[in-house]
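*Asks:* Could you have a look at this structure, given as structure tokens, before my questions?
Each reported figure results from applying straightforward, stated rules to the coordinates on display, with no laboratory input. Everything numeric in this text was worked out from a predicted model, so none of it was measured. Here the Cβ positions follow ideal geometry from the backbone for every residue, glycine too, while neighbour counts run over all protein chains shown.
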Amino acid sequence: MAQHMLSAAEQREVDDLIAAATLAAESQVERDAWGWTIRLPLRPWGIFCAVEPEGMVCARFTHLPPETAKDPIGSFAVQRVAADAPVRQSSLIPCAESTHFLVEQYFDESDQLPARIAIKGNEAVMALSSPDADWDIVKNLTESDLLALFHELTREAPAPETPDEPRLSEAARRIKAKFAAAKGTPVGAMIGDLKLMHEAVFFYGCSCNLEKIRAMIDNLPSDQKEELWNGTQTLDIQCPRCGRTHILARN
């Protein structure tokens, strides 16, 4: 994959978007193809991330002209494609200064389904609101509290707090108490407990290849193909999704 010299902050934005976009894809009952195109306000760069139904994930960081750092608005678009369905596209005005918070914004504004994402180290958790949820409690949790709550709820037996573990906030304690009170008791179609739905494998990769690129060029009108080749015998074509460069030889 094409690599850029990224600062620690830029690399963090790429990593967080990959994690958040993957969680968003896995949260759906049916896997869609997702494309996230993000330019944060006052940042001279943009990030694209794609998640395929088969589990492939790719991302690309692009440095933009310095004047884009003067734009206080930025841009944010999401494309989703389900099998045998038209493309769903959402264009939003970024309301956050970090990429994974924009994934929360997408669910809140486009899907009308409030979401929270917490990313810390090599862990990431996503919480989605159910119809009768007391969402204000979750909404006000810090990322550390949300991760700590997840660990508390998934323990088979309660464990005392230790100095090495973060103490739960009062809001997190209230949620934990609600889970404990509802454990094993049906609440509508839901059970007040956590259950592993399934396991999924995601891997960093892009679906681009020489065959797809050649098919795309072969379908161009003759005059456009001649203009593209311009008397050369090879073309260097860069994938707009992942940045990988493919060298195509003329037949």
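*Asks:* If you put +1 on each Lys and Arg Cβ and -1 on each Asp and Glu Cβ, how big is the dipole of segment 210-249 around its Cα centre, in Debye rounded to 20?
*Replies:* Dipole magnitude for segment 210-249 comes out near 280 debye.
*Asks:* Scan segment 40-128 for GluC sites (Glu not before Pro) in coil per DSSP, keeping those whose Cβ has at most 16 other Cβ atoms within 10 Å, and list them by number.
*Replies:* Counting only loop positions with at most 16 other Cβ atoms within 10 Å, the GluC sites (Glu not before Pro) in segment 40-128 are Glu54, Glu97.
*Asks:* Next up: Please enumerate, by chain and number, the aspartates and glutamates with C-alpha under 12 Å from the C-alpha of Lys176, excluding those fewer than 8 residues away in the same chain.
*Replies:* Excluding near neighbours in sequence, the set is Asp145, Glu152, Asp193.
*Asks:* Along Cα→Cβ, 7 Å out, is where each label goes; now give me the distance between the ones at Glu26 and Leu113 in nm to one decimal.
*Replies:* Reported label-point gap for Glu26 and Leu113 is 1.6 nm.
*Asks:* Could I ask something else about it? With r defined as the distance between the Cβ atoms of Glu97 and His151 and R0 fixed at 22 Å, what FRET efficiency is calculated, to the nearest 0.05?
*Replies:* E between Glu97 and His151, to the nearest 0.05, is 0.20.
*Asks:* If you consider only alpha-carbon coordinates, what radius of gyration and Dmax does segment 210-249 have, in Å?
*Replies:* Here Rg and the maximum Cα pair distance are 10.3, 28 Å.
*Asks:* Moving on. Please list 68-76, 83-91, 17-25 highest first by mean number of surrounding beta-carbon atoms within 10 Å per residue.
*Replies:* 17-25, 68-76, 83-91
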